Amino acid sequence: MSDQFPQGFLWGTATAAHQVEGNNTNCDFWVMEHLPDTVFAEPSGDAIDHYHRYPEDIALLADLGFNSYRFSVEWARVEPENGRFSTAALDHYRRMCETCLAHGLKPVVTYHHFTSPRWLISQGGWENGETAEKFARYAAKVTQHLGDLLEAVCTINEVNIPRMAAMLWMTGGSDDSFARRAAQALHATPEQFAPFLFAGTAQGRDVILAAHHQARAAIKAERPSLPVGLTIAMSDMQALPGGEAVRDQMRWELQDVFLEAAREDDFVGVQTYSRDRYGPDGPLGPEEGVELTQMGYEFWPQAIGATLRRAHEMTGLPLMVTENGIGTKDDGRRLAYYQTALQSVLACLQDGLDVRGYFAWSAFDNFEWMLGYEPTFGLIAVDRSTQQRTIKPSARWLSQVAQASQVAQASQVAQASLIVGANGWG
Ligand code: GCO
């Protein structure tokens, strides 16, 4: 049995605009980050200034031997006012795609990765049915401008995460006063406050899926041959004896409904970090004795194999690992994580699953939403006071895997991290 990944397999890393660009001031998150007594650990600020430094960053990723790069286009920049599009912003993202191609990286572009324009939130955000049309109009515009350069489009990142947030994380009542104040700051009523991550009702789910479907149609109308899919956050949902019914019910609500809605797509983007265990009374915490990551998740890299199999079973579609990775300060554990994860992806391929690519989350240490810059998911570290990039050993290791298209041939990389000058690295 071949231990090679297939020819043409996409090897890449992933980022999201708001987490790396810096000064994304026209989006909803920026406002929420700056509220007095915000729930955000710190504001995103300059982030890693990827908005300006993308040429060096892309060159660095190409030098590591990747052949693809997944990044997102920021809706708040492209459509700063309802119905008014910024050609300058579209040109910026076109230059990013051109830079990728010039370096041999195929652009896989996400049109929405959590952040939305402020004006959208003042109009009811992701709980308002009209948002689907607006998103499709924006998707058409982006495709007109960049479509000829793209390898694939992910319409919406983690379509199911608002539902997960509502059902798993905000059940004890979220910080109401924060939501009320944020609603006011974004000119929304508290009843209609629906930034993407807050759109956790069944109505929100339906708006998000309608937005995906309408955007897919709009993209296809512009470029019929461009592969379009959504991405979904999939933990490996395991049942302990007696927990099967509860797990199945939760898996239906949190994953299966979304996989079913993707059945007409060209591929499914699977994003996995860990597993979750279910007993007869619901979700259980981490198992005693299992190592935890910075996020408090179990170190469970084999989860990606299980979720790919589930996505395959539910859809039969081509799959892409659009995110997989670990938040840790210990880069040796990151390397170990990727090693096991990639073995489990390879086992899926050997069993006949059609997996088209693997994108590590993330290329760089970046802004981890409410948690700020503390969690470090990057293959490349960034000193944000100088914007100096430093390649971690795990990046060197993954680079060997990508170049050999084989996990076995990559040796453990023990050498010290490589420092890359702030002003160019050549
Ligand atoms: C996601 C998130 C990323 C996170 C990553 C680590 O798509 O899940 O988009 O933005 O940074 O998941 O928690």
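Just a few scattered comments:
- Estimated at 0.36 nm per residue, the fully extended path between Leu371 and Leu240 surpasses their Cα-Cα distance by 44.1 nm.
- Computed over the stretch 84-238, relative contact order equals 37 percent, with contacts defined as Cα pairs under 8 Å that lie 6+ residues apart.
- For the chain, the per residue solvent-accessible surface stands at 37 Å², with DNA, RNA and ligands left out and a 1.4 Å probe.
- Residues of type lysines that Lys392 reaches as a straight line, Cα spacing below 25 Å, ignoring anything fewer than 8 places off in the same chain: Lys106, Lys329
- Checking every one of the chymotrypsin sites (Phe, Trp or Tyr not before Pro) in the stretch 315-395 against DSSP loop status and a limit of 14 other Cβ atoms within 10 Å picks out no site at all.
- Cα-derived Rg to Rh of the stretch 365-406, Kirkwood definition: 1.10
- Rounded FRET efficiency, nearest 0.05, which uses the C-beta distance separating Ala185 from Ser405 and R0 of 56 Å: 0.70
- Distance from the stretch 332-411 to the stretch 123-137 (C-alpha centre basis), Å: 34 Å
- Overall shape of the stretch 1-104 was characterised from the C-alpha gyration tensor. The equivalent ellipsoid obtained from it has semi-axes of 30, 18, 13 Å, in decreasing order.
- In the chain, the DSSP beta bridges split such that about 25 percent are antiparallel, to the nearest 5.
- Length gained on full extension, Glu287 to Ala347: 19.1 nm, using 0.36 nm per residue less the C-alpha separation.
- Each label point was placed 7 Å from the Cα along the Cα-to-Cβ direction; for Met295 and Asp383 their separation is 2.8 nm.
- Extension gain (nm, one decimal) between Lys220 and Val39, 0.36 nm per residue minus Cα-Cα: 61.2 nm
- Share of carbon and sulfur in the accessible area of the stretch 330-385 stands at 47%, probe radius 1.4 Å.
- The magnitude of the dipole of the chain, with charges of +1 and -1 set on the Cβ of Lys/Arg and Asp/Glu and taken from the Cα centre, is near 800 debye.
- Cα gyration tensor shape for the stretch 10-422, rounded if a/c is under 1.5, else prolate or oblate: rounded
- Restriction of the trypsin sites (Lys or Arg not before Pro) in the stretch 273-355 to DSSP coil positions whose beta-carbon has at most 14 other beta-carbons within 10 angstrom yields Lys329.
- Dipole axis of the chain (+1 Lys, Arg; -1 Asp, Glu on Cβ), positive-most option in Ser385, Leu105, Trp119: Leu105
The values are calculated or read from the model by the stated rules, or taken from the named source; none is laboratory data. Just so you know, these numbers come straight off a predicted model, no measurement behind them. Counting neighbours? That spans all protein chains shown, and the Cβs are built from the backbone with ideal geometry, glycine included. Surface accessibility is based on the protein's heavy atoms, side chains included, excluding ligands, DNA and RNA. Shrake-Rupley method; radii C 1.70, N 1.55, O 1.52, S 1.80 Å.
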